[in-house]
Each structure stands twice: as C-alpha cells, then as structure tokens.
Amino acid sequence: MSSDTCKKNVREYKGDNQINRAIKKSYLETPEWFWHKHNGIIIFADSIAVEPDDRYLVMRNPQIVNGGQTLRVLFAAYDQQGRKDSDAQVLLRAYRLPYESSETYKKSIEIIKALNTQNAFKPSDLHSTDARQVRIQKLLESMDYKYHRKSGKEFKAARYAITMKNLALYHHICKNRAPHDGVRGQVEEIFEETSKYDDVFPEERINRDLNSRDHVVLDYVVTWALADLVSKVSKHLPRRHKDLSWYTKYFVFFDVYSKLDFWKRNFGLPGWRNWKEFAESKELENELWGYIDKTFRIATDMIPKDELTNPRKFLSRKEAAKRFEAKTQSQHAFNLVANRAFKKWSSTIR
C-alpha cells in the first residue's frame, strides 16, 4: 500500500512504543485472537465496488484515516516471520466518502475519536490533516521549507523543517503578546479551543493567493527564522543566562519578532520575496546577534531574586510578560540594528 494511501491517517508511525509492541505480540503469538483485540482499519474512498466473485474490493482514491500505525506494525511483523501466512484477520471498514470535503473531514474526526478512547488522540493529531494544514504545507514547500503536520519520531524541527505544534505555539506567542504561554507549554490548548486555533491558523488568510499582501504563511516563515536564531544565540550565553534560557527564550523571541514586525510595517519593504529573503539573511542574523544576547540578559535580570528558586513559576505568569516589556530595549534601538542589516543586505543584491 503506497504512502499516499496513508497520508490522511492523523498520526505518523510512532515507532517501537508500548502499544505497537502489543499489536506485534498479538499478531505473532495469538493471531487467532487478533480480530477481537483491534479496532481495525478505516478507509474512505471516492467510490467502492465489490467484484462479482466477492473476493476483491475495488476502491478509487482510498485514504486510510485510522489504522496506519497498525499497518506499519503488521508489515514489520510479517516481514520478520519471513512473510509466512498468518491466521490473523483484521477488521476493515470502507466508507464511500470523498475525503477532500470539509463535511467528510469532520465526520472522520468523530469516528476516529470514538474508536480511540483508550489510545486517545491529541487535539493536534486531529487537526493534522485538515485542509488548512495541507494548504500551509504546500505553500511552505513552495518556499523551500518542509512542514511536518503530523507527530512522528522521524519528524524533527530544524532550520528549514517546521513542525506544526511548534509553529502554533510560536505564532500564538507573537499574536497575543504572550511569551509566558511559551513557558507554560500548553500547546494542545491551541488545537483544542476553536477560537485559538482559528487565531493562529486563520482560514481566510491561509487560502489567499501567496502574492497577496501580508500572507500569513510569510509570517510563519519569519516566525520560524527568528525562533531558530534566538535558539542559536542561547547556546553561546554565559552559564547564568544559558541555564534560564529554556524559559527566557520565549520572551526574547517575542521581543525580536514584534519589533521586526513593527519595523517592517513602517519601512515598507516591497514584495514578499524580498521580505522573506531579508528575514532569512546572514546580514540580519549577524546584526541581531548582539541585540538578542543583550535581551537574554535583560530577561534573566528581570526575575525577582525571591523567584529564582522556581523561575518557571514566575515566568509563566502574565506579570512576567508586562515586567519584561517594561525593561526591554527601545524600538529606536532595534530600528538602528535593522537598518544596518538592511543596508548591508541591499548591497549584496544589486
């Protein structure tokens, strides 16, 4: 079965975890009971027909929406056995439902949730195949980025590999001036609450033509580039600041993003391609390095002495965000840095 057939499964293969080991053990040791122990596999297809001799089910555009994990585990076990026949049987349910319709998507989520009460899906898993996320993936790929919508052991964040959950958290922090939410780390809340999900992944802006003004996917690219740079700088901090950077990085990232966004709106750099290339440029990175280093130190020093025994508790409160904004460097100071970077970058493209 091709990987395209499995692309609508909301979760990627989770590897050698407890659940998958149990599936494999059941298949190998008690195959006659496998039918009774498993929810089975669910497939949506544009059309379904049964061959006259009842031996074959013919489907057009089949998409596995539940059971992709099981297929991977069973094939590995089958391979391990030397591809011998097995008495194991798997329940297969095939629905004549074109997957691409929004109504079908909603129904599939209801079915998946109902069948997985013991091995519950996270809200982010259930959003990983919706039309917005697929659209974001296509747009990011056109900008030379990978976009990992699903959770899986092989899907790691990198400079040009964006993970859906991290992007959601970073963009939520920026839009809502909420670096303390980064410290809290409750990213699943964004996917669980419709209003928060719509705020971070606005359908109307996602569906615009990429060349339209201020496309949200361009915001995502800049968000990711700055988050990566902040993380890079944090690794070179003195010990005292580095130890707290796991928490303070959200405050520093928020400050740099909000000030760069303000600079952009007042500077008026034409064309999204120019803006993307400038945001990703070495010239901007080099000029921002010192600014970010200083802002990390501000974030550390703002923590009250009596809170240093449990800095996470203080930094996860709104009070911390207000205190930080009052102490950060001015927009004017940032503009000087951005202007220098832009002047250097401009000289390289002429």
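What follows is calculated from the coordinates using simple rules that are stated; it is not laboratory data. Everything numeric here is computed off the predicted structure, so don't read it as measured data. We place every Cβ from the backbone using ideal geometry, glycine too, and count neighbours over all the protein chains shown.
Some values worked out for this structure:
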| item | result |
| --- | --- |
| In segment 238-248, the residues that are free of Cβ contacts under 8 Å to residues at least 24 places away in the same chain and within 24 Å of residue 322 (Cβ to Cβ) | 243, 246 |
| Segment 195-221, subset part of a helix (DSSP H, G or I) and of a type in the set (Ser, Thr, Tyr), residue surrounded by the fewest Cβ atoms within 10 Å (Cβ to Cβ) | 195 |
| Residue 326 free of Cβ contacts under 8 Å to residues at least 40 places away in the same chain and either under 18 Å from residue 257 (Cα atoms) or not small (Gly, Ala, Ser) (or both) | yes |
| Selected residue [in contact (Cβ under 8 Å) with a residue 60 or more places away in the chain and surrounded by fewer than 14 Cβ atoms within 10 Å (Cβ to Cβ)] from 235, 318 | 318 |
| The one condition in (1) under 25 Å from the mean Cα position of the chain (by Cα); (2) closer than 30 Å to residue 216 by Cβ that residue 312 fails to fulfil | (2) |
